[in-house]
Each structure stands twice: as C-alpha cells, then as structure tokens.
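The values are calculated or read from the model by the stated rules, or taken from the named source; none is laboratory data. The model shown is predicted, which means the values in this text are computed figures rather than measured ones. When we count neighbours, we look across all protein chains shown, and the Cβ atoms used for this are built from the backbone with ideal geometry, even at glycine. In case anyone asks, the SASA skips ligands and DNA or RNA and just uses the protein heavy atoms, side chains included. Shrake-Rupley method; radii C 1.70, N 1.55, O 1.52, S 1.80 Å.
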Amino acid sequence: MKPVYVINGFLESGKTEFICFTLAQAYFQVKGKTLLILCEEGEKEYDSQLLERSRTEIERIENEEDFNPEYLTGLEKKHKPERIIIEFNGMWNYKNVKLPWYWKIEQQITTIDGSTFSMYYTNMRSLLAEMIRKSEMIIFNRCDTVRDQLNVYKRNIKAVNSSADVIFEDANGEINEIFEEDLPYDLTRETIALDDQSYGIWYLDSMDHPERYLGKKVSFVAMVLKPEEFPMDYFVPGRLAMTCCADDMAFLGYPCEFSGAGALKQREWIKVTASVLAGNSREQGGAGLTLQAVSVEKAKAPKEEVISFM
C-alpha cells in the first residue's frame with residue numbers, strides 16, 4: 001500500500017503553509033522520496049531548498065479530469081516515492097475523487113481561512129462539506145478577527161463530521177479555547193460537582209469565561225491555603241497542578257468567604273460547596289471570581305494530590 005496524505009481547502013486557505021511546515025519537521029525527514037501533487041497554484045511558492053532537503057518532487061495537475069487513477073499511477077511510476085502528499089483543489093468536488101486502488105489515505109486534513117469561512121459556508125457549502133466529511137482534522141487559521149464566532153464554526157463542522165478534531169489558530173498560534181459543549185460537566189445543574197480531572201478544566205475555563213459560572217454552585221475536594229494577608233473569614237480552597245514538569249507547580253484556587261475559616265488548618269483536605277460570585281476588590285484587586293462557602297467538611301486526601309495538564 002502506498003501511503004497518501006490529502007490536504008484539502010479552498011484557494012489561500014493555508015494548505016501550502018501547512019505542507020511546508022510538515023516537510024520541515026524532523027519527524028518527516030525519513031528515507032525515500034515524497035511526491036507532492038499540486039492541484040492548484042496559490043500565491044505562496046514552495047522553497048526549493050526545503051524541497052531538496054526533504055527529498056520532495058513536485059508534479060502539477062491543472063485539469064480535474066486528469067486527476068484519475070491512470071494519470072496518478074503514471075506519476076508514481078515516474079518518481080517511485082515512498083509517500084504521496086496531495087494538495088487538493090477546493091473547487092474540485094472531492095466526492096468524485098478516485099485514487100489508484102493500492103493507494104491508502106493515511107490522513108486527510110482540511111485547512112480553512114477563518115476570516116472567509118462564513119462566505120464559503122454560505123455559498124459553497126456542498127463543496128466544503130465533501131472536504132470536511134472524511135477529514136480527521138480541520139484547521140482554522142487567521143481567526144484573529146472572528147474569535148467570537150468560533151463556537152458557531154465548530155458546531156458547523158461537527159454537524160458534518162462529528163469525529164473530526166477542530167483546531168483554531170490566530171497570529172500567535174493555536175487558540176486554546178474550551179467550548180461549553182466540550183466541558184466534562186453539565187452547566188445546567190444546580191451544583192457542578194468537580195472531580196480531579198474536571199477541577200483543572202473548570203479553573204481554566206472560569207478564568208476565561210467567568211460569566212458561565214456566576215451565580216452557580218460548585219462542589220469539590222480541595223486543599224486549604226491560608227495566605228497571611230487574608231482576613232480571618234477567608235481562605236483559598238484549591239489544588240496543586242503540574243503544568244509541564246515536576247518543577248512547574250502552581251496552586252489553583254479562588255478566595256472563599258467562610259465564617260469558620262479561622263479553624264481550618266493549612267494544607268488540610270476538605271470538601272467545599274460554594275456559590276460563585278464576582279471577584280472581591282480586597283482579595284483579588286477587583287478581578288476574577290470569588291467563592292462563598294455553603295458547606296465545608298473534612299475530607300480524605302485524593303489518591304492523586306496533584307492534578308496534571310500534561
């Protein structure tokens with residue numbers, strides 16, 4: 001079987017940039033030649049040094065009728081590659097694609113220019129759907145001006161291909177956005193119960209989207225932190241988190257008002273149920289969230305005291 005990688009997308013959607021990035025990676029510097037089949041000409045050119053370094057040969061197909069098993073087999077016999085990358089023309093209907101029988105699609109990726117997605121989704125939905133339907137990964141780039149629409153865009157993609165990984169990128173790289181439907185708990189419940197895994201997700205999401213939690217209750221097992229500068233009726237229930245390595249530890253928690261805070265011991269374990277309120281100016285400089293305890297009871301330390309984001 002000949003491994004094939006298909007990169008879909010409309011003109012100027014970032015296909016060439018993605019392929020160049022892939023060819024430059026160390027993991028792609030494997031033995032044998034790569035045949036890169038270009039089905040359209042974009043503004044960005046392939047660097048000759050990159051092609052030489054990655055042992056990549058380019059062939060161009062200008063007409064859709066030439067994209068057929070016989071012609072593709074001829075290109076393979078000419079170059080004898082170990083692998084094949086196809087930069088597909090977004091204006092060709094992917095539904096009509098026929099490859100040589102022994103070519104095996106290892107991965108299919110669709111790139112989308114986030115700034116023009118609405119236009120293509122409205123006017124060329126059938127062509128877009130055919131690209132998305134069999135893609136394992138959908139990469140939205142140039143999302144700087146449409147960040148408020150990303151939740152809608154993801155739903156549009158999932159309606160066509162529910163199993164696809166959807167990645168959003170802006171000028172600074174990947175956008176680590178957590179969407180409401182991806183949360184591991186139900187925001188409609190009266191009290192949101194958090195376990196070891198969901199606590200870290202809740203903390204990160206509540207920092208980015210405090211409006212989702214204001215007025216709700218949360219319940220979780222936590223370690224007690226009592227900063228010296230806090231008043232007697234405040235403490236911080238939270239968890240230690242390892243973000244990348246054992247030397248990179250942080251305590252994640254919000255100030256919590258509790259009339260019995262004075263009796264709590266530093267680093268003891270409790271189970272707290274609390275209401276989520278807007279940040280208190282004295283404890284947080286007027287930013288973020290704060291908690292107001294509904295109940296606090298002693299608890300056993302969890303099996304894994306440190307949560308991880310690795």
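Of the residues in the stretch 204-223, at least one is farther than 30 Å from Met131 by Cα, open to solvent by less than 70 Å² (accessible area, probe 1.4 Å) and of a type in the set (S, T, N, Q).
Report yes if Leu187 is part of a loop (DSSP other than H, G, I, E, B), under 30 Å from Gln149 (Cβ atoms) and open to solvent by less than 70 Å² (accessible area, probe 1.4 Å), otherwise no. Yes. Once the stretch 5-36 is narrowed to residues that are buried (at least 21 other Cβ atoms within 10 Å of the Cβ) and within 12 Å of Pro81 (Cα to Cα), the residue that is modelled with the lowest pLDDT is Thr34.
Pairs are defined by a Cβ separation below 8 Å, a sequence spacing of at least 6 or placement on different chains, a first member in the stretch 137-163 that is farther than 12 Å from Thr116 by Cβ, and a second member that is open to solvent by 30 Å² or more (accessible area, probe 1.4 Å) and among the aromatic types (Phe, Trp, Tyr); the pairs so defined are Ile139/Phe18; Asn156/Tyr121. Cβ-Cβ distances below 9 Å connect the following pairs, each with a first residue in the stretch 230-248 that is modelled with pLDDT of 95 or more and of a type in the set (Val, Ile, Thr), a second residue that is loosely packed, with under 13 Cβ neighbours inside 10 Å and outside any loop (DSSP other than H, G, I, E, B), and a separation of six or more residues or different chains: Val236/Phe251.
Can you find a residue in the stretch 115-134 that is surrounded by 15 or more Cβ atoms within 10 Å (Cβ to Cβ) and part of a strand (DSSP E or B)? Looking for residues that are surrounded by 15 or more Cβ atoms within 10 Å (Cβ to Cβ) and part of a strand (DSSP E or B), one finds none in the stretch 115-134, hence no. For Tyr199, the criteria (1) without any contact (Cβ under 8 Å) to a residue 60 or more places away in the chain; (2) surrounded by 13 or more Cβ atoms within 10 Å (Cβ to Cβ) hold in every case but one, which is (1).
The residues of the stretch 278-310 that are buried (at least 18 other Cβ atoms within 10 Å of the Cβ), out of contact with any helix residue (DSSP H, G or I) (no Cβ under 9 Å at 6 or more places or on another chain) and modelled with pLDDT of 95 or more amount to a single one, Leu291.
Against the list (1) part of a helix (DSSP H, G or I); (2) more than 27 Å from Asp182 (Cα to Cα); (3) touching a helix residue (DSSP H, G or I) at 6+ places or on another chain (Cβ under 8 Å), the condition Asn156 fails is (2). When residues in the stretch 94-108 are screened for being outside any strand (DSSP E or B), surrounded by 13 or more Cβ atoms within 10 Å (Cβ to Cβ) and not β-branched (Val, Ile, Thr), 3 of them pass.
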